[in-house]
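Visitor: What follows is a single structure, and I will ask about it in a moment.
The values are calculated or read from the model by the stated rules, or taken from the named source; none is laboratory data. Fair warning: this is a prediction, and the values are worked out from it, not measured in the lab. Cβ sites come from the backbone with ideal geometry, for glycine too, and all protein chains shown count toward neighbours. Accessible surface is based on the protein model in full, side chains and every heavy atom, while ligands, DNA and RNA are left aside. Shrake-Rupley method; radii C 1.70, N 1.55, O 1.52, S 1.80 Å.
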Amino acid sequence: MFWTARIGGLKLVSRFIKERHLDKYQKYMERNENSILVLLFVIPLLPDEIICVGAGMGGVSFKKFLGIASISKIATSLLLAYSLSFANALSLSGLQLLLVVSMAIGVFYSVFHFYKRRKEAIRIFRKL
């Protein structure tokens, strides 16, 4: 899906979506592309195919996309696979389990965001 969108998707999508909306989407994705991709893969709001098409139309390199998708899917799989075992071991209710999983996602997102900011600061420092 990524390569299909990369090769011919922009021409096809531009027929159905207003250009100003597409520009707005691309501007927003440029500023937050990594964190938005991670969140979209981890939180099941959209099917993965749509996320792949969006990344293919945007400026995400295949290497970066593959890394984000892999890490996000591994994290999601681990959270889902061990969430019931974790809840049973700690005798958590459904609401408590939801809170713990949300906190884990929040910590993951915070670490990811901190790493991105740190990398940006190092890049700016090196330019000076």
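Visitor: Does PHE108 satisfy the criteria of being surrounded by 13 or more Cβ atoms within 10 Å (Cβ to Cβ), of a type in the set (Phe, Trp, Tyr) and at pLDDT 85 or above?
Guide: Answer is no for this residue.
Visitor: Pick out, from the stretch 44-128, the helices (runs of 4 or more DSSP H) lying fully within it that include 2 or more residues that are more than 30 Å from GLY8 (Cβ to Cβ) and among the small types (Gly, Ala, Ser).
Guide: 62-90, 94-127
Visitor: Tell me which residues, restricted to the stretch 75-92, are of a type in the set (Gly, Ala, Ser) and surrounded by 16 or more Cβ atoms within 10 Å (Cβ to Cβ).
Guide: ALA75, SER83, ALA87
Visitor: Look through the stretch 34-74, keep the residues that are closer than 21 Å to PHE108 by Cα and of a type in the set (D, E, K, R), and return whichever of them is least open to solvent (accessible area, probe 1.4 Å).
Guide: Only one residue fits best here, namely ASP48.
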